[in-house]
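As structure tokens, the structure follows; a few thoughts come after it.
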Amino acid sequence: MEIISKILLLTLTMAVAAICTTNSEQSARIVCYFTDWSIYRPGLGRYASENIPAELCTHLIYSFVGVNDTDWSVLVLDSEVDVKQNGFRNFTQLKEKNANLKVEVSIGGWGEGGAKYSELVSLAERRQSFINSVVEFLNEYGFDGLDLDWEYPGATDRDGTAADKENFVSLVQELRTAFDAEGKGWELTMAVPVTQSRLQDGYNVPVLCELLDAVHTLTYDLHGAWDGFADVHSPLYKRDFETAAYAKLNVHDALALWEDSGCPANKLVVGVPFYGRSFTLSASNHNYSLGTTITGAGNAGAYTQEAGFLAYYEICTQVQNASLGWTVEWDDEGKVPYAYKDTQWVGYENEKSVQIKMDFIKEKGYAGAMTWVIDLDDFRGLCGQKNALLNLFYSNLHNYKVPEPTTSA
Ligand SMILES: *[C@@H]1O[C@H](CO)[C@@H](O)[C@H](O)[C@H]1NC(C)=O
Ligand SMILES: *[C@@H]1O[C@H](CO)[C@@H](O)[C@H](O)[C@H]1NC(C)=O
Ligand SMILES: *[C@@H]1O[C@H](CO)[C@@H](O)[C@H](O)[C@H]1NC(C)=O
Ligand SMILES: *[C@@H]1O[C@H](CO)[C@@H](O)[C@H](O)[C@H]1NC(C)=O
């Protein structure tokens, strides 16, 4: 009898110890977004689940599904690839390659617009239909969570309304309750904007951060052809030449904004783009400085085929080949590279800038790194090591333990 109670006590003590260790030892997140449309890229650009280095990520996120605004269910956006060709199932089966991997699906994205999401959250019955559908969907395909990517609650320029802010909290609360009730450890995460006005209009930051497992900051596309000048799109720090409107559009200040708004550092995952934003200059413009005048977006890449946008592998294969005549420069304040040749100019991330961002994450005690997206890394090793940028995430973060936040919100 005494032995049994001693064993019980010992077991209890070990269980308590285990819980305490888990609390103080939060593993870093390596969040890998994947886009289902990368399967359509020609030749070497084609990318599908079989190309995903599942062992390098802690979280994989399938992008995107949408919302059906008739019955408020999950809407499959490419049923041919996602369902008929087994896109969802191939993706969730990657857990067989990495037992600790969490596999999520992302809902929303820029192309879905904001109107449907605003209408969805506005009525309790719609939210309930939607949540039931999400639970059914995650169970059907074996996903471990949902990533909310409504761009953006409360954004009137995206068909949102002022009521979105409170209604969105209701949706997140109800999703959290439903997920916890399933008892499968499902995660609820969110991709978020990084400007003061977007946060004010649509995000109750302290409440959301409490409810969510992690927050993925959209710390890229901070500049692009829409600005009317050439610039890098994911500078780490403010640059001297920046004035009022652009002054806070950098990774450091974006994360500080989320923290200052009441989100603990150990919930914040820093977004890093594996692509560049490109520009076209007039033929007579030989000023290649940051901020130089442009005529529009840069030429489309051979694989990604979108003006103003180039995969890391489309950039590194160009700039590393001396016979092609590119000049590579470094934004010493923003801590990111840019390159130019003739009328073309591109700002991007390379191994050096990614390493600096990894150091920043660890120094600040953030929860980890996220990339948009793994299918734009040098996944075939055209410039050197396969998945060179993602490997830097892994080597820097796989042993990094996220500290308890020191500053309280
Ligand atoms: C949305 O749901 C309705 C009702 O179930 C269905 O008839 C319709 O086809 C769905 N819309 C899309 C785009 O799948
Ligand atoms: C899923 O995997 C199967 C078997 O490897 C493959 O034939 C199919 O093309 C894959 N589908 C997608 C969308 O990746
Ligand atoms: C080049 O462009 C930058 C950004 O507009 C500007 O500050 C700089 O003065 C220009 N340099 C020359 C030599 O015109
Ligand atoms: C460099 O570019 C030239 C011209 O396109 C090409 O023939 C050559 O194969 C490239 N070299 C490498 C190492 O990719």
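Quick notes on this one:
Residue-by-condition table, conditions (1) under 28 Å from Leu397 (Cα atoms); (2) within 16 Å of ligand 3 (Cβ to nearest atom); (3) among the basic types (Lys, Arg):
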residue	(1), (2), (3)
Leu290	no, yes, no
Glu306	no, no, no
Phe309	yes, no, no
Ile356	yes, no, no
Phe360	yes, no, no
Leu376	yes, no, no
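- Taking each residue of segment 38-50 that is within 18 Å of Ile61 (Cα to Cα) and looking for partners that are among the acidic types (Asp, Glu) with beta-carbon atoms closer than 8 Å, six or more apart or interchain, yields Ser38/Asp375; Tyr47/Asp375.
- Pair list, Cβ < 9 Å and 6+ apart or interchain, from segment 266-278 residues that are more than 26 Å from Ala225 (Cα to Cα) to residues that are of a type in the set (D, E, K, R) and in a strand (DSSP E or B): Val269/Arg29
- For segment 119-140, the count of residues that are under 22 Å from the mean Cα position of the chain (by Cα), surrounded by fewer than 18 Cβ atoms within 10 Å (Cβ to Cβ) and more than 16 Å from ligand 2 (Cβ to nearest atom) is zero.
- Residue match in segment 314-329 (condition: within 16 Å of ligand 3 (Cβ to nearest atom), in contact with a helix residue (DSSP H, G or I) (Cβ under 9 Å, 6 or more places away or on another chain) and either at pLDDT below 95 or within 23 Å of Asp377 (Cα to Cα) (or both)): yes
- Flag if Glu349 is of a type in the set (D, E, K, R) and over 20 Å from Asn266 (Cα atoms): yes
- Among the residues of segment 284-306, the ones that are crowded, with 17+ Cβ neighbours inside 10 Å, within 26 Å of the chain's Cα centre (by Cα) and assigned to a loop (DSSP other than H, G, I, E, B) come to 5 in all.
- Test: Val270 is modelled with pLDDT of 95 or more and either touching a Lys or Arg at 6+ places or on another chain (Cβ under 6 Å) or crowded, with 16+ Cβ neighbours inside 10 Å (or both): yes
- Filtered residue count, segment 227-256, keeping only those that are surrounded by fewer than 19 Cβ atoms within 10 Å (Cβ to Cβ) and aliphatic (A, V, I, L, M): 4
- Counted residues, segment 218-239 - those being part of a helix (DSSP H, G or I) and either β-branched (Val, Ile, Thr) or touching a residue at least 24 places away in the same chain (Cβ under 8 Å) (or both): 1
- Of the set (1) polar (S, T, N, Q); (2) touching a Ser or Thr at 6+ places or on another chain (Cβ under 6 Å); (3) farther than 24 Å from Thr217 by Cα, all apply to Ser106 but (3).
- Segment 240-264 residues that are away from ligand 2 (no atom under 16 Å from the Cβ), paired with ones that are in a helix (DSSP H, G or I) and aromatic (Phe, Trp, Tyr) (beta carbon under 9 Å, 6 or more apart): Val251/Phe360; His252/Phe360; Leu255/Phe360
- Criterion violated by Gln320 - all others in (1) of a type outside the set (Ser, Thr, Tyr); (2) within 16 Å of ligand 4 (Cβ to nearest atom); (3) crowded, with 19+ Cβ neighbours inside 10 Å; (4) in contact (Cβ under 8 Å) with a residue 24 or more places away in the chain satisfied: (3)
Matching residues to (1) buried (at least 16 other Cβ atoms within 10 Å of the Cβ); (2) in contact with a Gly (Cβ under 9 Å, 6 or more places away or on another chain); (3) in a helix (DSSP H, G or I):
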| residue | (1), (2), (3) |
| --- | --- |
| Val65 | yes, yes, no |
| Asp71 | no, no, no |
| Val74 | yes, yes, no |
| Val81 | yes, yes, yes |
| Arg89 | no, yes, yes |
| Leu94 | yes, no, yes |
| Ser106 | yes, no, no |
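- Residue in segment 263-283 that is away from ligand 1 (no atom under 16 Å from the Cβ), in a loop (DSSP other than H, G, I, E, B), within 30 Å of Ile30 (Cβ to Cβ) and of a type in the set (S, T, N, Q) present: no
- Restricted to segment 323-349, and to residues there that are of a type in the set (A, V, I, L, M) and out of contact with any strand residue (DSSP E or B) (no Cβ under 6 Å at 6 or more places or on another chain), the residue that is nearest to ligand 4 (Cβ to nearest atom) is Leu324.
- Helices (runs of 4 or more DSSP H) lying entirely in segment 307-398 (those with 3 or more residues that are more than 15 Å from Phe274 (Cβ to Cβ)): 351-364, 388-397
- Qualifying residue in segment 157-165 (condition: of a type in the set (A, V, I, L, M, F, W, C) and either touching a Pro at 6+ places or on another chain (Cβ under 6 Å) or crowded, with 22+ Cβ neighbours inside 10 Å (or both)): no
- Here segment 371-389 is the region considered, the condition is being more than 19 Å from Val319 (Cβ to Cβ) and not charged (D, E, K, R), and the residue that is farthest from the chain's Cα centre (by Cα) is Ile374.
- Test for Asn204: is it polar (S, T, N, Q), touching a Pro at 6+ places or on another chain (Cβ under 9 Å) and farther than 29 Å from Thr280 by Cβ: no
- Evaluating Thr92 against the criteria (1) within 14 Å of ligand 2 (Cβ to nearest atom); (2) under 19 Å from the mean Cα position of the chain (by Cα); (3) within 27 Å of Gly202 (Cα to Cα) leaves one unmet condition, (3).
The values are calculated or read from the model by the stated rules, or taken from the named source; none is laboratory data. Everything numeric in this text was worked out from a predicted model, so none of it was measured. Here the Cβ is made from the backbone with ideal geometry for all residues, glycine too, and neighbour counts use every protein chain on show.
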